[in-house]
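> So that we are looking at the same thing, I have put the structure below in structure tokens.
The values are calculated or read from the model by the stated rules, or taken from the named source; none is laboratory data. Everything numeric here is computed off the predicted structure, so don't read it as measured data. Methodologically, a virtual Cβ is constructed for each residue, glycine included, from the backbone with ideal geometry; neighbour enumeration extends over all protein chains shown.
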Amino acid sequence: MSKFVITGGKPLSGTITVGGSKNAALPLLAASLLTPEPVILTNIPAIRDVDNMLVILQSMGVQVTREGNNVSLTAAEISVEDLSTETVGKLRGSILLLGSLLARTGQAQLPLPGGDIIGARPIDVHLDGFEQLGAVVTETEDSISIDGSGMKAGRVILREFSVTATENTLMAAASLDGTTTIEVAATEPHVVALGELLGQMGATIEGLGTHTITVTGTSQRTGATLTNIPDMLEAGLFILLAAATKSDLQIKNVPVDDLPLFFKKLVDIGVKFTTDGATVRVMPATLKPFKVQTLPQPGIPTDLQAPFAVVATQAAGTSLIHDPMYESRFRHCDELAKMGASITVCDPHRVVIEGPTPLRGFHIKSLDIRSGATLVMAGLLASGETVIDDADIIDRGYERLAERLQAIGADIKRVGTQAPIEPVVTIEPSN
């Protein structure tokens, strides 16, 4: 595993561009299984989670052509006999293969998915949704098997606002004759992007972006072409990085309309910024303490609460961050404390931060994708040298992060080599 070495305290300036959404890319790739015809996706980030999803799809017989951030997939014939179970175990997003396999074959069998350790992330919401459509689910300690031969269009009430459960149910319903209604559906932009792709394939979908979605499925699904949406989480990270380091930074390709409460909170905190279409400019400003609670869309995403903690270390007063979704989402707080932050984890869902406090370089760990990126942010703010182990974890969600930060003045470098993806599958560029 490689590590990042950062010399912090240096001013950042210039322009950085937001890439394609990780959380949209994975369901879009999974949806390629729904049709035997080519699916062409553009603006797909070159990140490790995407690499792993492509490995899994190729092990199932999908033909993959990748050139830069463009991917073409043809699932003319698929089989799970040679499924890369080791890779499935590394990728939480592999859970999305349940819905796409049910849609294509009427059957799905997978080992339990892997991913970040950020608290309990049960899949019962997914399985209950399938069962409401008539599927028969069999679970063991390490695998899931679903018989969808008896599935029929109908009404699904999800147990909670689960993004991936909504996406899985959407894909399964897209193959069923008749109309399915999904209630308590998630409204996140990546759900909308998946719905648009399924619509191109032949399904009729209404209510995307609301909590009630109707899907009229079809057994004749065609190929499709779609451009992936910008990553609102990466945009939020870059904006908060500029605010915490008091930098004059321009962030391009920001999905401003997807982050309404985020920008309202920036105003409350005193962040100085301007917007011009999809470009946001952040300028140095004195920061005020704040309260942040993560909420489903259009609220502040849970994946952005960690970067807000770094901002809180530079705000004059007491800040409170409340994340009701996961009980292990504050592991980065221990690492920030090592760097000098005055931070108290009150319970599994709340943390209090006193500021402003100077941060100093330290040897720390990435922990998970979002915590790792947050600690990079802290390292750029801190004085002295910060070493962040397990940089490959950050590569799962951010494309060429070190190189892009170098371009705006960051003193960050990778030491060591990136871990190879196993099994290694060569993805040839198109001619």
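> Among L73, L91, L110, which is the only one that is in the same structural domain as E37 (by TED's automatic domain parsing), closer than 23 Å to I205 by Cβ and of a type outside the set (F, W, Y)?
Exactly one of L73, L91, L110 is in the same structural domain as E37 (by TED's automatic domain parsing), closer than 23 Å to I205 by Cβ and of a type outside the set (F, W, Y), namely L73.
> Looking at V88 and the list (1) in contact with a Ser or Thr (Cβ under 7 Å, 6 or more places away or on another chain); (2) without any contact (Cβ under 8 Å) to a residue 60 or more places away in the chain; (3) of a type in the set (V, I, T); (4) within 30 Å of R281 (Cβ to Cβ), which single condition is not satisfied?
Tallying (1) in contact with a Ser or Thr (Cβ under 7 Å, 6 or more places away or on another chain); (2) without any contact (Cβ under 8 Å) to a residue 60 or more places away in the chain; (3) of a type in the set (V, I, T); (4) within 30 Å of R281 (Cβ to Cβ), V88 fails exactly one: (4).
> Let me ask another. Out of all the residues in the range 310-365, which are aliphatic (A, V, I, L, M), surrounded by 15 or more Cβ atoms within 10 Å (Cβ to Cβ), modelled with pLDDT of 95 or more and part of a loop (DSSP other than H, G, I, E, B)?
Within the range 310-365, A315, M339, A341, L359 qualify.
> For a quick check of your reading of the model, give me the residue pairs whose first member lies in the range 383-396 and is within 17 Å of G361 (Cβ to Cβ) and outside the structural domain of N52 (by TED's automatic domain parsing), whose second is buried (at least 22 other Cβ atoms within 10 Å of the Cβ) and aromatic (F, W, Y), with beta-carbon atoms closer than 9 Å and at least 6 apart or on different chains.
T386/F4; V387/F4; I388/F4; D389/F4; A391/F4
> If I go through the range 25-69 residue by residue, how many of them are in contact with a strand residue (DSSP E or B) (Cβ under 6 Å, 6 or more places away or on another chain), touching a residue at least 40 places away in the same chain (Cβ under 8 Å) and among the β-branched types (V, I, T)?
6
> Mind checking whether some residue in the range 38-53 is surrounded by fewer than 24 Cβ atoms within 10 Å (Cβ to Cβ), outside the structural domain of P284 (by TED's automatic domain parsing), of a type outside the set (F, W, Y) and more than 22 Å from the chain's Cα centre (by Cα)?
yes
> While we're looking at this one, here's another question. Could you check the range 193-307 for strands (runs of 3 or more DSSP E) lying wholly inside it with 1 or more residues that are basic (K, R)? Lay out the reasoning, then the answer.
Working: elements: 204-206, 212-216, 224-227, 248-252, 272-276, 279-283, 291-293.
Filter on the range 193-307 gives 248-252, 272-276, 279-283, 291-293.
> Related question: List the number of the failed condition for K252; all other conditions in (1) in contact (Cβ under 8 Å) with a residue 60 or more places away in the chain; (2) closer than 23 Å to V292 by Cα; (3) not assigned by TED's automatic domain parsing to the domain that holds H126 hold.
(2)
> Pairs please, first residue from the range 181-200 and over 16 Å from L158 (Cβ atoms) and buried (at least 20 other Cβ atoms within 10 Å of the Cβ), second anywhere and at pLDDT 95 or above and among the acidic types (D, E), Cβ atoms under 6 Å, 6+ apart in sequence or on different chains.
P189/D258
Residue-by-condition table, conditions (1) surrounded by 18 or more Cβ atoms within 10 Å (Cβ to Cβ); (2) more than 19 Å from I16 (Cα to Cα); (3) polar (S, T, N, Q):
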| site | (1), (2), (3) |
| --- | --- |
| L367 | yes, yes, no |
| V387 | no, yes, no |
| Q406 | no, no, yes |
| I412 | yes, no, no |
